[in-house]
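First up is the structure itself, then whatever we jot down about it.
Bear in mind these aren't lab numbers, they're just calculated from the coordinates by the rules spelled out. Quick caveat, the model's predicted, so the values are computed rather than measured. Cβ coordinates were reconstructed from backbone atoms using ideal geometry, including for glycine residues, and neighbour counts include every protein chain displayed.
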Amino acid sequence: MLHRLHRISALLISLYILGHLTNHLIALEGVQAHIAFMKSYRQIYRAALVEPLLLGCALFQVGSGITFIARRWGQRHGFFDRAQAISGGYLAFFLLFHVGAVLYGRTVPGLDTNFYFAAAGLHLGKFPLFFAPYYALAVTAYFTHVACGLRWLLRERLPPPLRDRAALGVMSLGLLLGVTIVATFSGAFYPVRIPAAYCFSGC
Ligand code: HEM
């Protein structure tokens, strides 16, 4: 039962994440394009009924995921089985900190948690040493977790070599997207100037 709920909740969160990552890739066109897309997308995911559902699913995903890791602790064998647990563990850590930071940023300093809120950590002082791998690994972990889950679900429909290759392909795509998003927010494709309001420790 818990596995089934974990999958349903994953599906709901994934609907949001696909739009969320598309939003970040749109930053390749420029900061204003990212902000404009986020403004319209917020009409959906910040709607009165949608946002509590999304945040509730994220919390449930963290709790149920940690339960699965604890239940099979020390019993996982093989690359994909271990990759599923490691990526799930990282996603649990990331979701708690990421969503916590966004909610804090919105409510306490009252910031618009837009492009600059995420980019600030990739520009200020030594913060990029933490935030660059933090974001790139999050996207990689998401794709890895989905790939390992689908590989298992399709175990009776596809021959093992094809399943493994498809899963590795999805994981590599995640790494590529993660690195691209971090490079864009870091200013690799155009200069990014962080507004003073987002400079927690000085720009
Ligand atoms: C490169 C990676 C990422 C960046 C730069 C990023 C940035 C952001 C930003 C700026 C917000 C605030 C949105 C708003 O104010 O409307 C946000 C919200 C959020 N992000 Fe991410 N994100 C990244 C990856 C992810 C991933 C991989 C996940 C899920 C595994 C995720 C889950 C969420 C959730 C659940 C919210 C809260 C949505 C809400 O406001 O209700 N993010 N993210």
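When the helices in the chain are scored as -39500 (n - 2.57) per DSSP H run of 4 or longer and the sum is shared across all residues, what 222 nm value do you end up with, to the nearest 500 deg cm²/dmol? It would help to have the intermediate numbers written out before the result.
Details: 7 runs with 150 residues, N = 203.
Here the helix-only value at 222 nm equals -25500 deg cm²/dmol.
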Over the chain, calculate the relative contact order: mean separation of alpha carbon pairs under 8 Å at least 6 apart, over the residue count, as a percent. 22
Write down the radius of gyration of the chain and its Dmax, each obtained from C-alpha positions, in Å. 17.8, 55
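Quick one: if the Förster radius is 45 Å, what FRET efficiency do ARG71 and ALA33 give, using the C-beta to C-beta distance and rounding to 0.05? Write out the running numbers ahead of the final one.
On the way: r = 44 Å, r/R0 = 0.98.
Taking R0 as 45 Å, the efficiency between ARG71 and ALA33 is 0.55.
With r defined as the distance between the Cβ atoms of SER14 and ARG82 and R0 fixed at 22 Å, what FRET efficiency is calculated, to the nearest 0.05? Numbers along the way, then the final one.
On the way: r = 22 Å, r/R0 = 1.01.
It comes out at approximately 0.50.
Want the number for TYR190 to THR22: 0.36 nm per residue separation, take away the alpha-carbon distance, what's left?
Details: separation 168, 0.36 × 168 = 60.48 nm, distance 1.86 nm.
Answer, rounded to one decimal: 58.6 nm.
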Label THR107 and ARG157 with points 7 Å out from Cα along Cα→Cβ: what is the distance between them in nm? 4.1
How far apart, in nm, are two points set 7 Å out from the Cα along the Cα-to-Cβ line at VAL170 and at ASN114? 3.4
